[in-house]
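Working notes, beginning with the structure itself.
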Amino acid sequence: VPIQLVTNDNPNYNNRVQYGPVVNGSWRFLPKTSLVSSFSYTFLRWDKNLVEALGPEAEGSDIGAYVGKPDADSWRFTTGVTGQFTPKLAASASVGFGQMMYDEQSVIDGAGSVPDSSTELNTTGDETFATDTSIGDGLLFRAQASYAPVRGHTFMGGYQKDFQDAIFTNYVAYHYFFLRYEGSIQNRLTLSGELGYRIDNFHGEISRDDQNVNIKGGVAYKITPYLDAAAGLSWEQRACLVDDCEGVFYSTQYDNLTASLGATFTY
């Protein structure tokens, strides 16, 4: 969140309450293979349905002084298969569909207490705070496979297509690709690594496309049967995916480097 939008008196940009039922089911039709399914219905309620934006004062910005953040109801259903197909190969895949339905009236009601905000309310056009998930964005897919060529070493790869609520616009539909490695040496030294690439397509009153790259690595060592020490290093980059966002969204591109050291005591 840009620093201009939070203050010492009000350090929170916004707050959300999210709740709802989830039902999972599985049917094992082979010793190590199952059909799985899941259904969920989620209610998302925001504290502020009209939030402050950088506005026209920001260089190159066509965003007004406020951005609508409507409440929403969301549902999704997925079904698929998961199993251990060979001693070295495990895989899972699922398909499904879902919707995120936004209540534009919650923004209109919220604007009633904010002077001069009604002139910015617009519920027509392709991208507004009245935007619900499209049919294409509602299609869900997940696939993952893991391969263990030798004992103690596992390689994983996968792809996920999904959507989720966003904090500054209605929702983000994303594609995520990843490769991971986990291995142990002599049951004392554990190594891990991950390479991920994600494409974000944001929709709502603010529309933008991003690409995200992340690289993670970690090492852990079992000093004694009850004490483990670990270290990790990760790098993440968020960058705009189109050519015309340098002026409007340049400040919300970033590189993030994270390092960690830790110890785990077990008794």
I'd like the carbon and sulfur percentage of the solvent accessible area for the chain, probe radius 1.4 Å, heavy atoms only, ligands and nucleic acids excluded. 56
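Accessible area per residue, 1.4 Å probe, Å², for the chain: what's the number?
That works out to 60 Å² per residue.
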In this structure, the FRET efficiency calculated for residue 209 and residue 24 from their beta-carbon separation, with R0 = 45 Å, to the nearest 0.05, is 0.85
At a Förster radius of 35 Å, what calculated FRET efficiency corresponds to the Cβ-Cβ distance of residue 237 and residue 264, to the nearest 0.05? 0.75
Which value, in Å to one decimal place, does the Kirkwood hydrodynamic radius take for the chain when every pair of different Cα atoms is included? 21.7
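If you place +1 on the Cβ of every Lys and Arg and -1 on the Cβ of every Asp and Glu, how big does the dipole about the Cα centre of the chain come out, in debye to the nearest 20?
On the way: 18 positive and 31 negative charges, 505 e Å.
With Lys and Arg at +1 and Asp and Glu at -1, about 2420 debye.
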What FRET efficiency comes out for the pair residue 189/residue 252, r = Cβ-Cβ distance, R0 = 35 Å, nearest 0.05? 0.35
Over the chain, what relative contact order in percent results from Cα pairs under 8 Å that are six or more residues apart? 12
Across all directions of projection, what mean area in square nanometres is found for the Cα convex hull of segment 164-267? 8.5
Just by accessible area at a 1.4 angstrom probe, what is the order of 198, 180 from largest to smallest? 180, 198
For a label point 7 Å along the Cα-to-beta-carbon line of residue 153, residues of segment 178-194 with backbone N under 18 Å: 179-194
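How would you rank 142-154, 102-114, highest first, on the average number of other Cβ atoms within 10 Å across their residues?
102-114, 142-154
The values are calculated or read from the model by the stated rules, or taken from the named source; none is laboratory data. Everything numeric here is computed off the predicted structure, so don't read it as measured data. For neighbour counting, all protein chains shown are included, and Cβ atoms are generated from backbone atoms with ideal geometry for every residue, glycine included. With ligands, DNA and RNA removed, areas are computed over all heavy atoms of the protein, side chains included. Shrake-Rupley method; radii C 1.70, N 1.55, O 1.52, S 1.80 Å.
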